Amino acid sequence: MALKRTSDEPAFVLHRYDWSEASLVLEVFTRHHGRIALVAKGVKRPTSQFRPVLLPLQPLALSWTGDAEVRTLKAAQWQGGHVMPTGDALLAGSYLNELLLRFLARDDAHPQLFDHYATAVQLLAERGSETQSLVVRVFELLLLRDAGLLPDLAHDSASLAPLESGHSYVLMPESGLRAAHEDDAHALAGEHWQALQEALDERSAFVPLLRACAEVAPVLRIPLRNLLHYHGGVRQFRTRQLMLDVRSITRQHHPSTPAFDRES
C-alpha cells in the first residue's frame, strides 16, 4: 500500500531535536495540517541538501509521506521573502515559536493563525526592534483567541454587560475582564478593550490589531503574559528567560548603554 504523500505545504520550522546520529525530528507549523512532527533523515550529514534550508523563522514548502505521529520529510524548499531575523528580533521569533509549541495541539489546522504568524515573522525580520514589542503583543492576542483562551474583550466577564467608556477594566487570568479597583495596575479604559475586540473580529485582523495595540501595548504586556502563564501552566517561558539573561549580560558589559529600550 502506497504511503500518503503531502506536497509543497507552506510551513515553518518551530523546533528541532536529535533523532539519531545523522537525523533530526522537526516540529513544524503548516498552513493546512497545523503542527506536525517530521523526521529529516540524514540531515546532519555535510552533504545533505536539507542542511541550509531547514532553518527556523523561514518560509518553506515541505513535502512528506506517512500519516503516523511522525512523518518522513521528502523535500524542502525555501520560499524566499525575507532574511533571518537577528538579535532581539530572533529572540522574539523564538518566543512566538515556543508559544505555538505549547498552545497548539498536533494535527489541528489554524490557517488564519499561520498567515498571522508569517506576517509577524516578516515584520520582525524587516523592522527588527522598531516594532518588536507591538508585533509580539498582536500575535499573543491572536494565538490566545485561536486557542479559545481569550475572553470577550467587549464585555465584563462576570455580568456580561458591555464595557463602559471612561471606566477602567483589568484582565484577570482566571476570570476575564472586571472593573478596575483603585489599586489595580495594568488597567485599560473600556473603549480600548472594545477597540481590541473590534480589531480581533476583523476578517484580516493583524493590521487592525497593530493599530488598536499601538497606544496600549506597554500596558497589555503584563496582563497577556499572566494569561499565557496561567493557561500554559508555567511561571516563565524558556525564551523569555533567555531574553532576560541576555539583557543582564549585555548591561554588565555596557552599563551606560542599554541594549534594549523596550521589553518584549
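The values are calculated or read from the model by the stated rules, or taken from the named source; none is laboratory data. What you are looking at is a predicted structure, and each value in this text was computed from that prediction instead of being measured. Counting neighbours? That spans all protein chains shown, and the Cβs are built from the backbone with ideal geometry, glycine included. With ligands, DNA and RNA removed, areas are computed over all heavy atoms of the protein, side chains included. Shrake-Rupley method; radii C 1.70, N 1.55, O 1.52, S 1.80 Å.
Quick notes
- Under a 5 Å amide H cut-off, with hydrogens placed 1.01 Å from N, F237 pairs with nothing among residues at least 5 apart or on other chains.
- Modelled this way, with points 7 Å down the Cα-to-C-beta line, the labels at S20 and R211 are 5.4 nm from one another.
- Accessible area in the full protein assembly, largest first, 1.4 Å probe, for R31, R127, R137: R127, R31, R137
- Relative contact order for segment 38-96: 32 percent, from Cα pairs under 8 Å spaced at least 6 residues apart, divided by residue count.
- Computed label-point distance, nm, for sites S159 and D184 using a 7 Å Cα→Cβ extension: 1.2 nm
- Once the chain from D108 to K4 is taken as fully extended at 0.36 nm per residue, the excess over their C-alpha distance is 35.6 nm.
- Cα-based shape type of segment 1-67, given that a ≥ b ≥ c are square roots of the gyration tensor eigenvalues and the cut on a/c is 1.5: oblate
- With DNA, RNA and ligands ignored, accessible area of M84 (1.4 Å probe; Å², nearest 10): 60 Å²
- With 10 Å bins from 0: P(r) over the chain, alpha-carbon pairs, percent: 7, 27, 32, 22, 10, 3, 0
- Rounded FRET efficiency, nearest 0.05, which uses the C-beta distance separating V234 from T47 and R0 of 41 Å: 0.55
- Under 5 Å, built H, 5+ apart or other chain: amide partners of H15: E27
- Contact order relative to length of the chain, as percent, for alpha carbon pairs under 8 angstrom and 6 or more apart: 14 percent
- Using the Cβ of K4 as centre and a radius below 12 Å, the other residues enclosed give a net charge of +2, where K and R count +1 and D and E count -1.
- Only Cα pairs under 8 Å and 6+ residues apart enter the sum, and on that basis the relative contact order of segment 1-150 stands at 23 percent.
- Under the simplified labelling scheme, the Q122-E191 pair shows an inter-label distance of 3.3 nm, with each label point 7 Å from Cα along Cα→Cβ.
- Pairwise centroid distance, computed over Cα atoms, of segment 75-121 with segment 132-198, Å: 25 Å
- In Hz, Karplus ³J(HN,Hα) per residue of segment 83-90 (6.51, -1.76, 1.60; θ = phi - 60°; x = Gly, Pro): 8, 5, x, 10, x, 4, 5, 5
- Computed from backbone phi with θ = phi - 60° and the Karplus coefficients 6.51, -1.76 and 1.60, the 3J(HN,Hα) list for segment 156-173 is 5, 5, 7, 8, 6, 6, x, 5, 9, 4, x, 9, 9, 9, 10, 9, 9, x Hz; x is used for glycine and proline.
- Taking amide H positions as modeled 1.01 Å from N, with prolines and chain starts lacking one, the residues under 5 Å from L163 and 5 or more places away or on another chain are H155, D156.
- Computed about its Cα centre, the charge dipole of the chain is approximately 1360 debye, with only Lys, Arg, Asp and Glu carrying charge at their Cβ.
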